[in-house]
1. Between region B:266-297 and region A:169-228, how many Å separate their Cα centres?
2. For region B:49-130, run through the chymotrypsin sites (Phe, Trp or Tyr not before Pro) and keep only the ones in DSSP coil with at most 11 other Cβ atoms within 10 Å of their Cβ.
3. Per the Kirkwood definition applied to all pairs of different Cα atoms, how many angstroms is the hydrodynamic radius of the protein assembly as shown?
4. Scaled to the compact-protein estimate 2.2 N^0.38 Å, what is the alpha-carbon radius of gyration of chain A, rounded to two decimal places?
5. With the dipole of the protein assembly as shown worked out from charges on the C-beta (+1 for Lys and Arg, -1 for Asp and Glu) around the Cα centre, which of B:103, A:348, B:89 lies farthest toward the positive end?
6. May I ask you to give the percent of accessible area on region B:84-301 that is carbon plus sulfur, with a probe radius of 1.4 Å?
7. Need one number: % antiparallel among DSSP beta bridges in the protein assembly as shown, to the nearest 5.
8. What percent do you get for the relative contact order of region B:84-301 when only Cα pairs under 8 Å and 6+ apart count?
Amino acid sequence: MKFLELEGIQKVYGPNTVVQDFNLSVDKGEFVTFLGPSGCGKTTTLRMIAGFEIPSAGAIRINGKDVTNLKPNQRQIGMVFQAYALFPNMTVADNVAFGLKVAGQSSEAIRKRVGEMLDVIKLPQFGDRYPYQLSGGQQQRVALARALAIKPQVLLLDEPLSALDAKIRLSLREEIRSLQRSLGITTIFVTHDQEEALSMSDRIVVMNEGRVEQIGAPFEVYNFPRTRFVASFVGTLNILRGKVVDGASGRITIDDQQVIAGRSMGNLQNGEVRSVALRPESVTLNGAGEKRNAMQGIIEEVSFLGAVVRMRVRFRDNAISLDTFNNPGAPPPERGAPVTVSFQPEDLLVLEGETH
Amino acid sequence: MVDQSEAQAIAIPAQPAPARASTFSWAWIGVTPFLAFAVLFLIAPTLFLIVGAFQDAQGHFTLANLADLAQPSIVRAYRISLEISITSAILGAIFGSLIAAAAVLNGLPGWLRPTLLTFSGVASQFAGVPLAFAFLATLGRTGLVTYLLNTYLGFNLYSTGFNLLSFWGLTITYLYFQIPLMILIMTPALDGLKREWREASAILGASTWQYWRYVALPVLWPSLLGATLLLFANAFGAVATAYALTGSSLNIVTILLFAQIRGDVLHNANLGYALAFGMILITGVSNGAYIWLRSRGERWLK
């Protein structure tokens, strides 16, 4: 039996179906991320788990118990909100103690637990401060401690990092993941940031327009996308237009240069025009001998980004971006320089559906 | 050899000392009418009546005017004024807050809120003779509501002891503008309660009552306190409504003050100044209490 189960979940607002046929089973201690663009239904699904929204259809079970129609305060769930949601009239210690206080725990037990949680978030000396006296990162850590203080069965994180600056975001996401692992708490994380999803999750649920597009480990979702949406949404992707020469062997032409596509969504018909996808990091510059596919092009743009040099290579109608590491001994090519780019057949994925 | 820093020092031409900026700001011209108005119609009259409270008719210093405030009729007037002001402020605060909360927090139709706020904007300014007449025409002995209740429901309002020209009559009349004023002040304060606070408290196990007890009311406390005090001051200083409604049958301090200053039978302008000075003191004390309570309730604010 899975610890958290969502079965056939649907949410309808008037004529709009915002979540449809959502099925997910989460193991105890697993970190699962809902990833998708704004309006894809990920936050609505999270709010249904929390009890703020009641599903129009389907069932939610936690540890075997049906909680679909229970109120939020009956579910024993912890939640961290995007905008911190700390109670402004309470100190840090009072915020962390709130869930324990309303549960009627003794003041001694509350004091002990609050001390433990402030130690966990590494803010033991901040108990007497008010939220306005803390930075955004500190406030979110307090919000995390408040959510965990009640020893919830499930922890819900609703874009908790999106209001923070980049540096804090990076360090806090590592802290959250490390804390989640050490406590072994089942966690659902909502984000539209693919890097967060890929770096933190045991599994990712990619959502689009209320539907689940793919569920899988970050490696699987990134390298083996099952739908065109997943391929284009997760990671950076070059999408080119190619014509199928021989569907059986995967031979296609891109701007009259023949290459082999090792992977395809659906069958390839000879003569049809399809979109093909290629990750920038799969492409090597001037390394034709190493990889089986090679194409000739012209450097159209060079951007020096410090550790990385990003280049854009144009073939004829199509162009691709590729990244190379900065090498002080080998300056990047000039704009207009002819180059050869190479990649392996299995890096070239023919997408489903119509051409791009 | 000239080192680089010296070379830069030579290369950069000496900057002329910046001209001393004028300290006069033209913005003062914008606020001059306000300052003039405040001095002429607030500060100067206040100082004038404070000084007058300590003078006799010939302009000599005296404490007799203050001593005269202890007359039973004046003490009674202050007591009635305070009772009406406090009662109408508290009732106005309670009902106004509840109505504002219903409009802001619950799932009422969208058209209701702007309608309520528009009505409140008008009603909060509806006072004086028109308001008194409106209540006489509806709840007076021959008023429309009194008549309808008696004719169609057989209920004689005045047989219950109700009298519009009484403490409760004046309090109910004051509530007509007190409640809308409270709605106008509390609506933005209630809008400031974040949905996430309620959701966070719920997910942490709190009931609705616990959310209001521990989060919402403490957050609203400064606004509630300030608005209630404003309602108190609003009622305490009101004269036209009370005078138009009750004439001199209800002895409140503003009516007494009005009588003293305009030249009644017992005309004594300096006693009038002392009455006004007493009102300033009461308002000052209530403002001081408000500032103290608010500072305690707002420790968590920046």
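1. 64 Å
2. Passing both the DSSP loop test and the Cβ count: B:111.
3. With all distinct Cα pairs of the protein assembly as shown included, I get 32.3 Å.
4. Cα Rg divided by the expected 2.2 N^0.38 Å: 1.20.
5. B:89
6. Within region B:84-301, the accessible surface is 68 percent carbon and sulfur.
7. On the way: 57 of 77 bridges.
Close to 75 percent.
8. Working: 211 pairs, mean separation 64.3, N = 218.
Reported relative contact order: 29 percent.
The values are calculated or read from the model by the stated rules, or taken from the named source; none is laboratory data. Note that the structure is a prediction, hence the values are computed from the model and not measured. In this analysis, Cβ positions are derived from the backbone assuming ideal geometry, glycine residues included, and neighbour counts consider all displayed protein chains. Just so you know, the surface numbers come from the protein's heavy atoms only, side chains and all, with ligands and any DNA or RNA stripped out. Shrake-Rupley method; radii C 1.70, N 1.55, O 1.52, S 1.80 Å.
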